[in-house]
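Trainee: Shown below is the structure under consideration.
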Amino acid sequence: MGTWKNFVGLFFLVVGIVVVFGLSSAGCGKKSSQTGKTEEKCPVWFKDSDKDGYTDGTTKVSCEKPSDEYVSSATAGDCNDNEPNINPAKTEICDGKDNNCNNQIDEGVLLVFYKDTDKDGYTDGITKVSCEQPGGYVSQALPGGLQRRRQEYKSKYCMVQGC
Ligand SMILES: [Ca+2]
Ligand SMILES: [Ca+2]
Ligand SMILES: [Ca+2]
Ligand SMILES: [Ca+2]
């Protein structure tokens, strides 16, 4: 029976040690009086304010979740952490913003508009790239607007003056 009692005693000793170590580890993240360094036991938290799974790279080491903005894991590369529709996984759309976080705004999605002030379906060849149709511009026009106007002017002149 003595062996049994020793076993029970050892068991409680082990449990006691685990509890003591468990409690002391709750104080992690605080500066150690011996080394003056912050203990590395606490996990790294990643800021992801817009909860799109991507962080802007801001991190905190803490045993407790620092705030609702922080998550335990997130992918790097969020160029706008306040906009869930902007991160490296998104598709670039024409909106004046860098949607896919590649440091380029509206790359490959800008529309070309052709200057056709007189709205005759012909353009002088002057174009503008934009997301929205500028005034005096159309999305489709045939080339040769300038020659066409010259010819029109010439034929009107000839009608009046005779050529
Ligand atoms: Ca984010
Ligand atoms: Ca974002
Ligand atoms: Ca972009
Ligand atoms: Ca865009």
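Trainee: Please list, by residue number, everything in the stretch 124-140 whose backbone N is under 14 Å from a paramagnetic label point 7 Å out along Cα→Cβ of V112.
Mentor: Residues 124-130, 138-140 fall inside that zone.
Trainee: Zone of I126 (label point 7 Å along Cα→Cβ, backbone N under 11 Å): which residues in the stretch 137-162?
Mentor: Under cut-off, by backbone N: 137.
Trainee: Once the piece of chain linking C42 and E64 is laid out straight, how much longer is it, given 0.36 nm per residue of separation minus the C-alpha distance between them? Let's see the in-between values first.
Mentor: On the way: separation 22, 0.36 × 22 = 7.92 nm, distance 0.83 nm.
That works out to 7.1 nm of additional length.
Trainee: Starting from the amide H of T55, placed 1.01 Å from N in the peptide plane, find each other amide H under 5 Å away whose residue is 5 or more places distant or on another chain.
Mentor: Placed amide hydrogens put T75, A76, G77, D78 under 5 Å from T55.
Trainee: Might you report the magnitude of the Cβ-based charge dipole of the stretch 47-149 about its Cα centre, with Lys and Arg at +1 and Asp and Glu at -1, to the nearest 20 debye?
Mentor: Working: 11 positive and 20 negative charges, 95 e Å.
Roughly 460 debye, rounded to the nearest 20.
Trainee: Across the stretch 38-109, how many lysine pairs, 8 or more positions apart or on different chains, have C-alpha atoms separated by under 17 Å? Please give the number.
Mentor: Details: K41/K60; K41/K65; K47/K60; K47/K65; K51/K60; K51/K65; K51/K90.
Lysine pairs meeting the criterion: 7.
Trainee: With r defined as the distance between the Cβ atoms of Q133 and S73 and R0 fixed at 45 Å, what FRET efficiency is calculated, to the nearest 0.05?
Mentor: Working: r = 44 Å, r/R0 = 0.97.
The computed FRET efficiency comes out at 0.55.
Trainee: Now for a different question. In which sequence would K5, K47 go, from the one with the fewest C-beta neighbours within 10 Å to the one with the most?
Mentor: K5, K47
Bear in mind these aren't lab numbers, they're just calculated from the coordinates by the rules spelled out. In this text, all values refer to a predicted model and were calculated from it rather than measured experimentally. No Cβ is skipped: glycine too gets one built from the backbone with ideal geometry, and neighbour counts run over all protein chains shown.
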